[in-house]
Number of protein chains: 2
Amino acid sequence: MKITVAQINPVIGDVEANTQKVLESIKLAQEAQSDIVLFPELTLCGYPPQDLVYHHTFIDKMEQSLQTIAVHSKNIMTVVGLARPNLGPGERGLSNSAAIIVDQKLVGFQDKWLLPNYDIFNERFYFDPGQKTQTFTYKDKKIGVLICEDIWQHSGYVSSRYARDPVLEMEKLNPDILLNLSASPYQYDKPDQRVEVCAKTARTLNCPLVYCAQVGANDSLIFDGYSVYVDQTGELRQLAKGFAEDHMHVDLSAESCACPFHYDPMSDLYKALVLGVRDYFFKSGFKKACLGLSGGIDSALVACITAEALGPENLLGISMPSRYTCDLSKNDAQTLADNLGFNVTTVPIEEPFTEYLGLLKPHFQDLPPDTTEENIQARLRGIILMAFSNKLGHIVVSTGNKSEFALGYCTLYGDMCGGLGVIGDVTKTQVFALCRWINRNKEIIPWSTIERPPSAELRANQKDSDTLPPYDLIDMVIRSYVEDYLPIKVIAKKFNIPEPEVRDLCRRIHRAEYKRRQAPPVLRVSKKSFGIGRRYPIVQNWLKKDPC
Amino acid sequence: MKITVAQINPVIGDVEANTQKVLESIKLAQEAQSDIVLFPELTLCGYPPQDLVYHHTFIDKMEQSLQTIAVHSKNIMTVVGLARPNLGPGERGLSNSAAIIVDQKLVGFQDKWLLPNYDIFNERFYFDPGQKTQTFTYKDKKIGVLICEDIWQHSGYVSSRYARDPVLEMEKLNPDILLNLSASPYQYDKPDQRVEVCAKTARTLNCPLVYCAQVGANDSLIFDGYSVYVDQTGELRQLAKGFAEDHMHVDLSAESCACPFHYDPMSDLYKALVLGVRDYFFKSGFKKACLGLSGGIDSALVACITAEALGPENLLGISMPSRYTCDLSKNDAQTLADNLGFNVTTVPIEEPFTEYLGLLKPHFQDLPPDTTEENIQARLRGIILMAFSNKLGHIVVSTGNKSEFALGYCTLYGDMCGGLGVIGDVTKTQVFALCRWINRNKEIIPWSTIERPPSAELRANQKDSDTLPPYDLIDMVIRSYVEDYLPIKVIAKKFNIPEPEVRDLCRRIHRAEYKRRQAPPVLRVSKKSFGIGRRYPIVQNWLKKDPC
């Protein structure tokens, strides 16, 4: 039996274009003489469609597409994902389903059982859990179909305690093949896990498992692809491309040949960010980006990622030096641009800065300089970036990293300006590691950018370390408190940091909530990013007084 | 039997302070010789605690508080809300519960059955549905306890199709009294509904119902109070204060005396917004606000609300005229400030604007003026507002209305600056109505502000109507498309507007998603506000091509 795994990159909400892609994949599968063509979860609307599914006309549109797809499914079994009305019992009235079409006939649906409702997942908002276990017989094979999370419970890799295990229920039906439609977001160090989950399921069911993953980025979420075929022993036999569309033709009767998974975490992180930028731009019809090029490490990294995503000809670096900008910064910015091949233009902010200081002097009298003056500089730069964006059509990419977002070491409406926070889920420690990785063969980012102490250059001789603890400490606390919800006492003990220091950092994280609420969406690459999937009140008193 | 309804205003996450309030209310109830003291939903952490409940130490803290509360509950039955571990089956491992303490002993818990998971509610993220129906016997009365949504299903006022109706299950146990702990957000024209829901439940159970509501604002959500006592015939007997803490002592044996609900929608809308501002500031420890005072109607309304919330002495109006600001605007701004008694200071933006035009000229060459120059003015004003905020500690209140947010008729990082979008869920039509209501007895807002055609004054002789359809049309489409999810065809027919015009407006609403994602939180007063409770992808193609 031959199966074509159509690892496609849908555009959210574009049912028409996504259907077109499905038809092309069916044609490819037919040409490859496949028996089955398998698509990712929610193929027709893309994952996640969010509140679009509340529009009846949107749901209707998918139903109509299904008819078109059926017509084109001659001599093939097509398994395609969609959202559809649930007329049975259930709170929300919709199902996240796979439609099974056999030789032009819609033979049934398999509804997703386990609806993840944590972190970035909120499927209980929209869908009701499936009720029916079944197999579909085709060419004398009993074919089981499950959707994404349905097989994760079985390996324990879920942040939920589901009452049922669809894999064990499927086991009773003794399928010959299991198909899985997925949309599983990229996460640093996660792809390995996914193969494990597939292997465990295949071993339990004692049948091969073919897993089709969505690829592409949708707002904050990046889907890495890497669709999987494991045989009944759980051995990985085929792996689709990472971070690109792919049609993987699986022949279940082919000789055994293990396919090792060579996973390079740093390379994948970089590819994920590049894909995140590319899809944000291309799927929304834009192609040009600009960014504030400070000569610092964050903007250097974002420039590399954006130049790779859009082509250097579509990137404009804007250098906006002030009285505090050192020559090294200016030179580094230019060297980077030369190395990557994008243009830089310079708009000094000295004059409007002086102007503003004078304008505000009568109002502020003799109050000493503080972050006000620093923020004015950052915001003057924001205005320039946005003016370029408005006038010339470049989208501003924002350069803040996760460590800064965590502590609020960033200026709202200043350096936080932009359509997309490219490295907003990348800690400063990871920023350094990524830059060294980029330079692994030759100097692309000037080494001086990487090696000198980080500075926002918003006052004379400023260094990040003047007001922030060391970044490795900050990043440990972010991981422990934000990503793992560890208690402060435990973090203090684990890393041998005084408890009050940990508490101060955690308080600072909460205090910056109001800034992050107005941040651009960030590309999610960790298991808990700021933004989507993290919901804290702005006004709250937890940790403000309590020794917790 | 006497019941004290402790309608309190908790601070989210401040378990210690909330517990203190509980102890004070118990004392008041004891002094009033009440048999029962009833608190709102999730009393100890405030509603909604969001991801704070993922911290074990946070949950532990509530458990500890319960012991303190028990110690203080001598000779009284205390019914208090909290989040607690669910050790039974369930996906999330927590319950939204009422603890029942009788004469210093914790006698049991009642877990919430129906967990709303739509709009601003996401209780399935955190909690498992309750399983047990029970009554608690106290002084020979069988007392049933249900939590908020549990009684709503029975009247059909829910956006969900729950499988169970707790009221009908409770009916089998034949309770003598039903208590309900609630946290039900204010919504324009909703308080009536709440009384109806209580009345219907009381009639079904043929017993009196005492309903304790949370009061106070938490970020975007405003809780209006108005706790309810209805007798077994469903007649409204007592109503607690709206928009303020209250202790309502209910005597179930008192003679019948109906209490009519005089509901004034406009007055309540105003009070809601005032409470929203007050709690945002006071609960986060701030007391001073500033705003850009343009002389237009939106900033006038926000000034009224903020002056009322914080006292005029804590409000600073900043007038930032440009070459396009007419004298009438300047005069109106000053008149309003004089009427309300707050200070205004003037910072003209002409010089930095000229400076910026010069700075950018070489880069933009001879491209014609467009929104770029308009946005620069708005952003220069944003910088000034934020500089006052940084230097003097005022929080900027943002003045954009819902109609502008809907269509993106506002400048990101410009007039969208601020900590709180005070009228971001108030349509322009409602803005006019509210201003006329404010002026019902005397002129507070200059009539010329209300009566002249709205203008952003960002270019010569600009009027909103140059680029926007009439506001009544915009607001009809917002209500129909955003709040009711009506199909475009239906909207066109309903209001007799050409279909392409409706479609253009809806597209424009989607296109502005990226701006709204970076907007300050808005005070929610409608059934569907932008921000919390509305989740649309930024990058998506629905409606971009399709004739839906």
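Of the residues A:Ala378, A:Ala460, A:Ala456, which is touching a residue at least 60 places away in the same chain (Cβ under 8 Å), within 14 Å of another protein chain (Cβ to nearest Cβ), among the small types (Gly, Ala, Ser) and under 23 Å from B:Phe388 (Cα atoms)? Write out each step before concluding.
Numbers: A:Ala460 fails: within 14 Å of another protein chain (Cβ to nearest Cβ); A:Ala456 fails: within 14 Å of another protein chain (Cβ to nearest Cβ).
The match here is A:Ala378.
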Worksheet item: Is at least one residue of the stretch A:531-546 at pLDDT 95 or above, within 21 Å of A:Thr399 (Cα to Cα) and not assigned by TED's automatic domain parsing to the domain that holds A:Phe121?
Response: yes
Discussion item. Between B:Lys493, B:Lys515, B:Lys528, which is outside any loop (DSSP other than H, G, I, E, B), within 30 Å of B:Arg278 (Cβ to Cβ) and either in the same structural domain as B:Val277 (by TED's automatic domain parsing) or at pLDDT 95 or above (or both)?
Written reply: B:Lys515
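Here is a yes/no grid of residues against (1) assigned by TED's automatic domain parsing to the domain that holds A:Leu146; (2) surrounded by fewer than 22 Cβ atoms within 10 Å (Cβ to Cβ); (3) at negative phi; (4) polar (S, T, N, Q):
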residue: A:Asn174; (1), (2), (3), (4): yes, yes, no, yes
residue: A:Ala202; (1), (2), (3), (4): yes, no, yes, no
residue: A:Leu205; (1), (2), (3), (4): yes, no, yes, no
residue: A:Cys212; (1), (2), (3), (4): yes, no, yes, no
residue: A:Ala244; (1), (2), (3), (4): yes, yes, yes, no
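Going through the stretch B:396-442 one residue at a time, which ones are free of Cβ contacts under 8 Å to residues at least 24 places away in the same chain and either under 28 Å from B:Lys283 (Cα atoms) or not charged (D, E, K, R) (or both)?
Residues of the stretch B:396-442 that are free of Cβ contacts under 8 Å to residues at least 24 places away in the same chain, as a first pass: B:436, B:439-442.
B:Asn439, B:Asn441, listed by residue number.
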Worksheet entry | Among the candidates B:Val344, B:Val302, residue that is among the β-branched types (Val, Ile, Thr) and touching a residue at least 60 places away in the same chain (Cβ under 8 Å) | B:Val302
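Can you work out which of the residues in the stretch A:501-532 that are under 12 Å from the mean Cα position of the chain (by Cα) and of a type outside the set (A, V, I, L, M) is nearest to the other protein chains (Cβ to nearest Cβ)? Spell out how you get there, then give the answer.
Let us first name the residues in the stretch A:501-532 that are under 12 Å from the mean Cα position of the chain (by Cα), namely A:521-532.
Adding the requirement that they be of a type outside the set (A, V, I, L, M) leaves A:521, A:524, A:526-531.
Numbers: A:Pro521: 6, A:Arg524: 14, A:Ser526: 15, A:Lys527: 13, A:Lys528: 10, A:Ser529: 13, A:Phe530: 12, A:Gly531: 9 Å.
Out of the qualifying residues, it is A:Pro521.
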Worksheet entry | Selection from the stretch B:187-207 of residues that are touching a residue at least 40 places away in the same chain (Cβ under 8 Å), assigned to a helix (DSSP H, G or I) and under 26 Å from the mean Cα position of the chain (by Cα) | B:Pro191, B:Asp192, B:Val195, B:Glu196, B:Val197, B:Cys198, B:Lys200, B:Thr201
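Kindly evaluate A:Ile384 against the criterion of being under 31 Å from the mean Cα position of the chain (by Cα), under 24 Å from B:Cys417 (Cβ atoms), in contact (Cβ under 8 Å) with a residue 24 or more places away in the chain and assigned by TED's automatic domain parsing to the domain that holds A:Ala307.
Values: under 31 Å from the mean Cα position of the chain (by Cα): yes; under 24 Å from B:Cys417 (Cβ atoms): yes; in contact (Cβ under 8 Å) with a residue 24 or more places away in the chain: yes; assigned by TED's automatic domain parsing to the domain that holds A:Ala307: yes.
Criteria met by A:Ile384.
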Discussion item. Can you tell me how many residues within the stretch A:152-173 are out of contact with any strand residue (DSSP E or B) (no Cβ under 7 Å at 6 or more places or on another chain) and part of a loop (DSSP other than H, G, I, E, B)?
Written reply: 12
Fill in: Within the stretch B:296-398, strands (runs of 3 or more DSSP E) holding 1 or more residues that are hydrophobic (A, V, I, L, M, F, W, C) and buried (at least 23 other Cβ atoms within 10 Å of the Cβ)
B:315-319, B:395-398
Practice prompt. Go through the stretch A:12-28 residue by residue and tally those that are out of contact with any Ser or Thr (no Cβ under 6 Å at 6 or more places or on another chain) and either of a type in the set (Gly, Ala, Ser) or more than 17 Å from A:Cys212 (Cα to Cα) (or both).
Written response: 8
Worksheet item: Quick one: A:Leu458 ticks every box in (1) part of a helix (DSSP H, G or I); (2) surrounded by 19 or more Cβ atoms within 10 Å (Cβ to Cβ); (3) not small (Gly, Ala, Ser) bar one, so which box is it?
Response: (1)
Discussion item. Please determine whether any residue of the stretch A:283-290 is under 27 Å from A:Tyr186 (Cβ atoms), part of a helix (DSSP H, G or I) and not assigned by TED's automatic domain parsing to the domain that holds A:Leu181.
Written reply: yes
Discussion item. List pairs: first residue in the stretch A:243-268 and without any contact (Cβ under 8 Å) to a residue 24 or more places away in the chain, second residue part of a loop (DSSP other than H, G, I, E, B) anywhere in the structure, Cβ distance under 8 angstrom, at least six positions apart or on different chains.
Written reply: A:Ala258/A:Glu235
Worksheet item: more than 14 Å from chain B (Cβ to nearest Cβ), part of a helix (DSSP H, G or I) and either in contact (Cβ under 8 Å) with a residue 24 or more places away in the chain or of a type outside the set (D, E, K, R) (or both): does that describe A:Glu149?
Response: no
Response to the item:
A:Ile444 meets each of (1) more than 21 Å from A:Ser529 (Cβ to Cβ); (2) of a type in the set (Val, Ile, Thr); (3) part of a helix (DSSP H, G or I) with one exception, condition (3)
Worksheet, complete the sentence: Within the stretch B:46-60, residues at the interface with chain A (Cβ under 7 Å from one of its Cβ atoms) and either in a helix (DSSP H, G or I) or of a type in the set (A, V, I, L, M) (or both) come out as B:Gln50, B:Asp51, B:Leu52, B:Tyr54, B:His56, B:Thr57, B:Phe58
Worksheet entry | Every residue from the stretch A:65-91 that is touching a residue at least 40 places away in the same chain (Cβ under 8 Å), within 17 Å of A:Lys132 (Cα to Cα) and either among the aromatic types (Phe, Trp, Tyr) or loosely packed, with under 13 Cβ neighbours inside 10 Å (or both) | A:Gly88
Worksheet item: What about B:Pro40, is it in contact (Cβ under 8 Å) with a residue 60 or more places away in the chain and within 18 Å of A:Leu543 (Cα to Cα)?
Response: no
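Can you find a residue that is of a type in the set (D, E, K, R) and within 10 Å of another protein chain (Cβ to nearest Cβ) anywhere in the stretch A:325-348?
No: the stretch A:325-348 contains no residue that is of a type in the set (D, E, K, R) and within 10 Å of another protein chain (Cβ to nearest Cβ).
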Discussion item. I'm trying to understand the selection: among the residues of the stretch A:382-395, which are in contact with a Cys (Cβ under 8 Å, 6 or more places away or on another chain) and more than 10 Å from every other protein chain (Cβ to nearest Cβ)?
Written reply: A:His394
Item to complete: Find the residue count for the stretch A:468-490, including only residues that are within 10 Å of another protein chain (Cβ to nearest Cβ), touching a helix residue (DSSP H, G or I) at 6+ places or on another chain (Cβ under 6 Å) and either in a helix (DSSP H, G or I) or on the phi > 0 side of the Ramachandran plot (or both).
Response: 3
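Among the residues of the stretch A:352-369, which ones are without any contact (Cβ under 8 Å) to a residue 24 or more places away in the chain and more than 7 Å from every other protein chain (Cβ to nearest Cβ)?
Result: A:Thr354, A:Leu357, A:Gly358, A:Lys361, A:Pro362, A:Gln365, A:Asp366, A:Pro368.
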Worksheet, complete the sentence: Among B:Ile147, B:Ile151, B:Ile143, the single one that is over 28 Å from B:Lys527 (Cβ atoms), buried (at least 22 other Cβ atoms within 10 Å of the Cβ), at pLDDT 95 or above and out of contact with any Gly (no Cβ under 6 Å at 6 or more places or on another chain) is B:Ile143
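The values are calculated or read from the model by the stated rules, or taken from the named source; none is laboratory data. Everything numeric in this text was worked out from a predicted model, so none of it was measured. Counting neighbours? That spans all protein chains shown, and the Cβs are built from the backbone with ideal geometry, glycine included.
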